[in-house]
Amino acid sequence: MNVIKFELLKLRSKSRGWLGPILVFILIMVAFPLTVEISNKDLDQSFFAVLWIAILLVMMLSTEDIFLEDFNDGSLEQFAISNISLPYIIAAKIFIYWLLIGVPISIIGSLFCLGLTNSANLAINILPILLITSYIFINVFSFGNALSLNKGSALGTLVTLPLLLPLMIVLGKTVISINLNLNYLGFVALLLGILSTIILLIPLIISYIIRAHLE
Amino acid sequence: MIKKFIHQFASPKTYIYQVDRAYSYIFYISLVLYLVSIFWGLFLTPEDFVQGNSYRIIYLHVPASFISQSLYIAMAIASAIFLIWKVKLSVYLVRSIAPIGAITTFIALISGSIWGIPTWGTWWAWDARIVSTLILFIMYLGLISLHDSFSNHEKADKFLSILVLVGSVNIPIIKMSVEWWSTLHQPASITISDKPAIDLVMLYPLFGSIVGFAGLVTCLVILSSKLQILRRERNKSWIKNYV
Amino acid sequence: MFNFAFNSLSEAFLMQSQNGQNHGFFVWSVVVIVFLCILSTFIFYKINIKKLSKKLK
């Protein structure tokens, strides 16, 4: 519990860490209707595509230095040899990032959905999907960031980006299922299953990678 | 005694000497098999009722895509062996299979898209199997660039193995995508349990070309692993005797 | 089972099917691309192994 509070204080004090991605997301979603001809039918179709891509890119941006500062000032080594297990600390860090960046973006995204498609059904149904999806994205991108930790380059993140493309296929089908009222709970269950596997595995993998970096 | 037999394969020196002896046999047998199957498929099989003569691309496209997925599974197994038992030869093999896998996937994508022009009218479609194969191609390239970006070889090996294992989630998606979603790509014609959906006359050259192509790809992997071992073990004493 | 599907070389070049389409261009371009890829990969690796062996001598 103390670990979570500690991470929360660290991220809150670094205001550009959590406010920046949220503002970028709002900027993308506001710029989208401006660049498209204002006709209500077309906005419906392309809105969700822009939404998923915007969330993907914003999550990639926000996890760019999730481990970098800690690695540079040595506190990552302290975490590695402390009593609390390293996967737990990493899971807490990712959870805090999701809480401060992922949840506001999901809420703002569903509000934009309400505004641009004028359908409360879509907006309410897309909110849990957005929450789960942003958590999965943050997990996978922090795995990518951990791979190229000492270089500080974006190579690790770019290499893990292709892993998320099948997820985008599933998300597209989820939106169709909301529109046609087909199998919505099935898709939510599928996403929850993917999320549960990833939450358990990714902190273990990242702790192995960080220990390899610190040697 | 079995342990000793298996342990001797873990040394790059034994591997390279034994592989040198077997290389010519594998190369010539698989080359003959592949050329005979391609010739048989291109000239001696009757034309298809639906697709006309353009179905003959199957003898080039199916071996390439099947082998590219099998190469990734081989990389995943070798990565697991490296992470558990720390056998250096395994990770040399992983690094040497990666470019060959990229080339095979490239062949599969190109032949598939050129086949799509007469069959479907379009050379690209965003359906699940094609996109997943494209993702496999990008993953192969990402593996090569990740390994080459590290100057410390031990770290590079570990991260390469982890990334191969994490990315192996793509292979079930490719194999099952034609069953899970109804897509443009046709379902598998050859399964383990049912009768094949393709005529027997066309099936034999297909098997021959798959086995022949697998042999040729094995020769390429042997060459690539030789290059990798020479690079990584250049400071060892047995290299002087070998070259 | 072993009859030739085409009666002459020019027919094999065009590969005309029963509904009248000429698919020979597609099939032969795929054959050429695949053989070029495999051949160039073999040559690339053989040349690099020779270069590296010479350097290590």
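The values are calculated or read from the model by the stated rules, or taken from the named source; none is laboratory data. This is a predicted model, so every value here is computed, not measured. Counting neighbours? That spans all protein chains shown, and the Cβs are built from the backbone with ideal geometry, glycine included.
Below are the figures for this structure:
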{"read-out": "Residue list for the range B:157-169, restricted to those being at pLDDT 90 or above and not basic (Lys, Arg)", "value": "B:157, B:159, B:160, B:161, B:162, B:163, B:164, B:165, B:166, B:167, B:168"}
{"read-out": "Condition broken by residue A:170, with the remaining ones in (1) exposed (fewer than 15 other Cβ atoms within 10 Å of the Cβ); (2) touching a residue at least 12 places away in the same chain (Cβ under 8 Å); (3) within 11 Å of chain B (Cβ to nearest Cβ) satisfied", "value": "(1)"}
{"read-out": "For residue B:132: the one exception among (1) more than 9 Å from chain A (Cβ to nearest Cβ); (2) of a type in the set (S, T, N, Q); (3) farther than 18 Å from residue A:209 by Cα; (4) part of a helix (DSSP H, G or I)", "value": "(1)"}
{"read-out": "The range B:110-129 - residue that is crowded, with 20+ Cβ neighbours inside 10 Å and within 14 Å of chain A (Cβ to nearest Cβ) and, of those, farthest from the chain's Cα centre (by Cα)", "value": "B:128"}
{"read-out": "Near pairs, Cβ below 8 angstrom, 6+ apart or cross-chain, from the range A:180-209 (touching a residue at least 40 places away in the same chain (Cβ under 8 Å)) to any residue that is among the charged types (D, E, K, R) and part of a helix (DSSP H, G or I)", "value": "A:187/A:173; A:209/B:158"}
{"read-out": "Contacts under 9 angstrom Cβ, first residue in the range B:222-242 being free of Cβ contacts under 8 Å to residues at least 60 places away in the same chain, partner part of a loop (DSSP other than H, G, I, E, B) and acidic (Asp, Glu), 6 or more apart", "value": "B:239/B:233"}
{"read-out": "Filter result for residue A:11 (of a type outside the set (D, E, K, R), surrounded by 12 or more Cβ atoms within 10 Å (Cβ to Cβ) and modelled with pLDDT under 75)", "value": "yes"}
{"read-out": "Subset of the range B:39-58 that is in contact with a helix residue (DSSP H, G or I) (Cβ under 6 Å, 6 or more places away or on another chain) and aliphatic (A, V, I, L, M) - its residue that is nearest to residue C:26 (Cα to Cα)", "value": "B:57"}
{"read-out": "First in the range B:51-69 and at negative phi and more than 7 Å from chain C (Cβ to nearest Cβ), second anywhere and surrounded by fewer than 21 Cβ atoms within 10 Å (Cβ to Cβ) and not in a helix (DSSP H, G or I), Cβ under 6 Å, 6 or more apart", "value": "B:55/B:48"}
{"read-out": "Boolean, residue A:131 is free of Cβ contacts under 8 Å to residues at least 60 places away in the same chain and assigned to a helix (DSSP H, G or I)", "value": "yes"}
{"read-out": "Residue within the range B:172-187 that is modelled with pLDDT under 80, within 30 Å of residue A:148 (Cα to Cα), within 11 Å of chain A (Cβ to nearest Cβ) and more than 16 Å from the chain's Cα centre (by Cα) present", "value": "no"}
{"read-out": "Residue under evaluation residue B:29, criteria (1) within 12 Å of chain C (Cβ to nearest Cβ); (2) touching a Gly at 6+ places or on another chain (Cβ under 9 Å), criterion not met", "value": "(1)"}
{"read-out": "Qualifying residue in the range A:85-99 (condition: more than 20 Å from the chain's Cα centre (by Cα) and either surrounded by 18 or more Cβ atoms within 10 Å (Cβ to Cβ) or closer than 28 Å to residue A:2 by Cβ (or both))", "value": "yes"}
{"read-out": "Of all residues in the range A:14-38 being modelled with pLDDT of 80 or more and within 12 Å of residue A:100 (Cα to Cα), the one that is surrounded by the most Cβ atoms within 10 Å (Cβ to Cβ)", "value": "A:21"}
{"read-out": "Set A:136, A:90: member being within 13 Å of chain B (Cβ to nearest Cβ), within 30 Å of residue B:148 (Cβ to Cβ) and either touching a strand residue (DSSP E or B) at 6+ places or on another chain (Cβ under 8 Å) or not hydroxyl-bearing (Ser, Thr, Tyr) (or both)", "value": "A:136"}
{"read-out": "Residue within the range B:130-141 that is touching a Lys or Arg at 6+ places or on another chain (Cβ under 7 Å) and either modelled with pLDDT of 90 or more or charged (D, E, K, R) (or both) present", "value": "no"}
{"read-out": "Residue count for the range B:213-243, restricted to those that are more than 23 Å from the chain's Cα centre (by Cα) and among the hydroxyl-bearing types (Ser, Thr, Tyr)", "value": "2"}
{"read-out": "1 or more residues under 20 Å from the mean Cα position of the chain (by Cα): qualifying helices (runs of 4 or more DSSP H) within the range B:1-85", "value": "B:12-39, B:58-85"}
{"read-out": "Residues (in a helix (DSSP H, G or I) and not charged (D, E, K, R)) located in the range B:113-129", "value": "B:113, B:114, B:115, B:116, B:117, B:118, B:119, B:120, B:128"}
{"read-out": "Flag if residue A:177 is over 26 Å from residue B:129 (Cα atoms) and either small (Gly, Ala, Ser) or touching a strand residue (DSSP E or B) at 6+ places or on another chain (Cβ under 8 Å) (or both)", "value": "no"}
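Every residue, every condition in (1) among the aliphatic types (A, V, I, L, M); (2) over 15 Å from the mean Cα position of the chain (by Cα), yes or no:
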position: A:133; (1), (2): no, no
position: A:137; (1), (2): no, no
position: A:155; (1), (2): yes, yes
position: A:165; (1), (2): yes, no
